[in-house]
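Below: one structure, written as structure tokens.
The values are calculated or read from the model by the stated rules, or taken from the named source; none is laboratory data. All values reported here derive from a predicted model rather than from experimental measurement. Quick reminder, even Gly has a Cβ in these numbers, built from the backbone with ideal geometry, and neighbours come from all protein chains shown.
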Amino acid sequence: MKHYLQFSDFSADDYAYLFERTAIIKRKFKSYEKYHPLVDRTLAMIFEKASTRTRVSFEAGMGQLGGTVVNLTSTDSQLGRSESIEDTARVISRMTDIVMIRTFGQERLERFAEYSRVPVINGLTNEFHPCQIMADLFTFIEHRGSIAGKVVTWVGDGNNMANTWLQAADLLGFTVHLSTPSGYEVDEKLAFGARQPRAGCYKIFKDPMQACAGADLVTTDVWTSMGYEAENEARRKAFADWCVDEKMMAAAKPDALFMHCLPAHRGEEVTAEVIDGAQSVVWDEAENRMHVQKAVMEYLLLGRISEAA
Ligand code: CP
Ligand code: NVA
């Protein structure tokens, strides 16, 4: 049994398969072709943090695959009344076939997986957001082809998204240019553990403009992630120069794309001109969450499917 707890849980070969599979599954959806490989399967979703995209994409996606969904939050379940994560995992995994969790520390997700009889998917933790990076990569491939050898510029917080980009760059052969305010750098140990990452898979820049030079994709995220709200004021000051604007986009390649996992705050981490402009693919990116996650659920439950593209 496989879990998907962080991006590095799948190999480059798995991703090659999953991106091809996503394209097939997306095509079926777009042509209204019924595809119900997960009839009688149930997905449990546990949200300990808010969500719009993750909730809707998993729920709609599982329904489209013929399965059903149970949604729990910490406030409406016994998790909010201090039932342990281990007991919750034992119980839920006896009644359902696959579980998606959005929570705080990665170790909480790992403990759930350890006690689960069924595959567990990371729907965002403080440390990682692998489903989102899968959607971003798939979106890049749809618009521009292979990401190998390309430059992805990360402007802003060294957060769950940034850590996951590092894992993806290491595995899939591209380079991340990172520019974060001082005090908000990525923790390479989180992304790579004790392992030495592939040489040149990331470069650090003080100046976000320099980080954008030569980028094929510029991407950013909120200044304050969920769970860090107490730092809001300090972050507003520290991040003031890390706003993706038209000047930064002009420093990137002329055909560079802009992505943002959303929700976005126009006028903070990105200007309205950029996120609503011609280089932005944020709506495709959001939609693709559903298509990649359908491929992940199918893969975790049924393995590789051979079907002509
Ligand atoms: N991008 C993302 O995960 O969005 P939600 O927080 O709305 O799920
Ligand atoms: N880094 C953000 C992503 C939201 C989808 C957060 O963790 O809140």
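Restricting the first member to region 267-282 and to residues that are on the phi > 0 side of the Ramachandran plot, and the second to residues that are at pLDDT 95 or above and part of a loop (DSSP other than H, G, I, E, B), the beta-carbon pairs closer than 8 Å and six or more apart or on different chains are Gly267/Cys243. Against the conditions (1) out of contact with any His (no Cβ under 8 Å at 6 or more places or on another chain); (2) within 16 Å of Gln132 (Cα to Cα), Ile121 satisfies every one except (1).
Here Gln196 does not fit the description of being more than 16 Å from ligand 1 (Cβ to nearest atom), in contact (Cβ under 8 Å) with a residue 24 or more places away in the chain, loosely packed, with under 15 Cβ neighbours inside 10 Å and not in a strand (DSSP E or B).
Among the residues of region 44-90, what is the count of those that are touching a residue at least 60 places away in the same chain (Cβ under 8 Å) and touching a Gly at 6+ places or on another chain (Cβ under 6 Å)? Within region 44-90, residues that are touching a residue at least 60 places away in the same chain (Cβ under 8 Å) and touching a Gly at 6+ places or on another chain (Cβ under 6 Å) number 1. Could you tell me whether Val218 is more than 15 Å from ligand 2 (Cβ to nearest atom), touching a Ser or Thr at 6+ places or on another chain (Cβ under 6 Å) and in contact (Cβ under 8 Å) with a residue 60 or more places away in the chain? Taking the combined requirement at face value, the residue satisfies it. Taking Ala168, is it more than 21 Å from Arg266 (Cβ to Cβ) and within 16 Å of ligand 2 (Cβ to nearest atom)? Considered against the rule, which asks whether it is more than 21 Å from Arg266 (Cβ to Cβ) and within 16 Å of ligand 2 (Cβ to nearest atom), Ala168 comes out as yes. Residues in region 183-193 that are out of contact with any Asp or Glu (no Cβ under 8 Å at 6 or more places or on another chain) and without any contact (Cβ under 8 Å) to a residue 40 or more places away in the chain: Glu185, Val186, Asp187, Glu188, Lys189, Gly193. Elements of the type strands (runs of 3 or more DSSP E) sitting completely within region 1-103 and holding at least 2 residues that are within 16 Å of ligand 1 (Cβ to nearest atom), surrounded by fewer than 18 Cβ atoms within 10 Å (Cβ to Cβ) and over 18 Å from the mean Cα position of the chain (by Cα): these cover 68-73. Scanning region 47-67 for residues that are away from ligand 2 (no atom under 16 Å from the Cβ) and not charged (D, E, K, R) yields a count of 8.
Being touching a strand residue (DSSP E or B) at 6+ places or on another chain (Cβ under 8 Å), buried (at least 16 other Cβ atoms within 10 Å of the Cβ) and either over 27 Å from Asn122 (Cβ atoms) or modelled with pLDDT under 95 (or both): is that true of Met259 here? No. Scanning region 173-215 for residues that are touching a helix residue (DSSP H, G or I) at 6+ places or on another chain (Cβ under 6 Å) and aliphatic (A, V, I, L, M) yields Val176, Val186, Leu190, Ala191, Met209, Ala213.
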